[in-house]
Amino acid sequence: MMNAATKRFYKTVETKEDDGAYVVLLDGRALKTPGKTLLQAGSHRLAQAIADEWLAQDVKIVPDTMPITKALNTAIDRVGPNRAAVVNEIAKYAETDLLCYRAESPAELVRRQAKAWDPCLEWAAKRYGARLLVTSGVVHAEQPVEALERLCGAIGSEDIYRLVPLHTATTVTGSVVLGLAMMTGALDAEGAFKASCIDADFQAERWGRDAEAEAVRARRLADLEAAGRFLALLPT
């Protein structure tokens, strides 16, 4: 990916089938990752989405406006060579999953957490056989080894392309359960994000919203929505 100061250096953008995959051509030359590997997409829809991002660039190339390109670059250059480490990094979130740590008070916050989070934990228990323990306050909950292993196995079954949005969803929400729910379609990006913001939204209702916090929130939601779009473009 180019840096923020790079001027647009190409005129035409098109896609082309290449050995069962699809590539994006800039002035007839195949696009490569920052690591100099051919940027191959597994579906024409994904290649076209990347082409559209490059077509949309104006005088300068702005990487922050190209999340689909960035996601595929990440899968090829960063996840591919380090797959096991990425799987373990995601799986580690299960040890302190957001949904397992509940407020002791006020009662309304406790109720909202239970309403939003209990069904998600039950879903994970049924789908993966991974029942995570819930605690309140700051007390650490030592999760069952079997549950952690089952979640790690589910994460490890994903290919390098799907691991990218799963990593984003997990780190943005602070929850492997929400990340996996989004990956399987049990929740969409908006639903996963809303569930992850129960605490913050409750506090904002009581004390008002802070402009800086709202800007951070908007960026997190944008990242999650981009992950959802990338996921939808991957071949099934």
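Values in this text are rule-based calculations from the coordinates and carry no lab data. In this text, all values refer to a predicted model and were calculated from it rather than measured experimentally. Note that we place each Cβ from the backbone using ideal geometry, even for glycine, and neighbour counts take in every protein chain shown.
General observations
- Cβ-Cβ under 6 Å pairs, at least 6 apart or on other chains, the stretch 138-151 side surrounded by fewer than 18 Cβ atoms within 10 Å (Cβ to Cβ), far side β-branched (Val, Ile, Thr): Ala141/Thr135
- The residues listed here are Tyr10, Tyr93; of these, the one that is hydroxyl-bearing (Ser, Thr, Tyr) and in a helix (DSSP H, G or I) is Tyr93.
- Contacts under 7 angstrom Cβ, first residue in the stretch 24-40 being touching a residue at least 12 places away in the same chain (Cβ under 8 Å) and within 17 Å of Ile68 (Cβ to Cβ), partner among the basic types (Lys, Arg) and not in a loop (DSSP other than H, G, I, E, B), 6 or more apart: Leu25/Lys16; Leu38/Lys32; Leu39/Lys32
- Every residue from the stretch 13-68 that is β-branched (Val, Ile, Thr), over 20 Å from Gly80 (Cβ atoms) and in a loop (DSSP other than H, G, I, E, B): Val59, Ile61, Val62
- Test: residue in the stretch 106-118 that is under 22 Å from Phe193 (Cα atoms), assigned to a loop (DSSP other than H, G, I, E, B) and acidic (Asp, Glu): no
- Within the stretch 187-207, the set of residues being outside any helix (DSSP H, G or I) and out of contact with any helix residue (DSSP H, G or I) (no Cβ under 6 Å at 6 or more places or on another chain) comprises Asp188, Cys197.
- Subset of the stretch 208-236 that is part of a loop (DSSP other than H, G, I, E, B) and either among the acidic types (Asp, Glu) or without any contact (Cβ under 8 Å) to a residue 60 or more places away in the chain (or both) - its residue that is surrounded by the fewest Cβ atoms within 10 Å (Cβ to Cβ): Thr236
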